[in-house]
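Right, one structure below, let's go through it.
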Amino acid sequence: MSSGCLAIVKRVTFCRLCDKVKHLENCIFYTDDWEAFLKVLSKECHIIGESYTVVIERDNSSTWHYLGWFMRRMKVVSKCDGMVDASLKLWKNLAMPEVFAQIQTIALSPYR
């Protein structure tokens, strides 16, 4: 696939995402300078800069780290939608300190 075709596919994918959040009002999108962002987002709601995306990229990196067991080098790995969804929900909840504290209390209660 040529780079031009790939750019169009990425822009179409990003447009689908924008359609899902277009109902939100007064939103600001912080992005890097990827061409699809520049063509789709209006200047009024778009701020460009790598310094704004560091936290998001760190969170994505952590999520992929903790879900790394999906990428094992074995031939048989569960990739069913239910398992992926459950793993993402578990990671999301355990990454929130208040939820983690509740689960930790329950898990440690037999030892107290």
statement: Quick count over the range 67-112, residues being at pLDDT 80 or above, of a type in the set (Ser, Thr, Tyr) and surrounded by 10 or more Cβ atoms within 10 Å (Cβ to Cβ), is 1
message: If I ask for residues that are without any contact (Cβ under 8 Å) to a residue 24 or more places away in the chain and either on the phi > 0 side of the Ramachandran plot or β-branched (Val, Ile, Thr) (or both), which ones from the range 16-55 would you list?
response: 21, 26, 28, 31, 47, 48, 49, 53, 54, 55
message: Need the failing condition index for residue 62 against (1) modelled with pLDDT of 80 or more; (2) in the same structural domain as residue 13 (by TED's automatic domain parsing), just the number.
response: (1)
field: Count of residues meeting criterion [of a type in the set (A, V, I, L, M) and either surrounded by 12 or more Cβ atoms within 10 Å (Cβ to Cβ) or modelled with pLDDT under 80 (or both)] in the range 18-46
entry: 4
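The values are calculated or read from the model by the stated rules, or taken from the named source; none is laboratory data. Just so it is clear, the structure is predicted and the values come from calculations on it, not from any experiment. Here the Cβ is made from the backbone with ideal geometry for all residues, glycine too, and neighbour counts use every protein chain on show.
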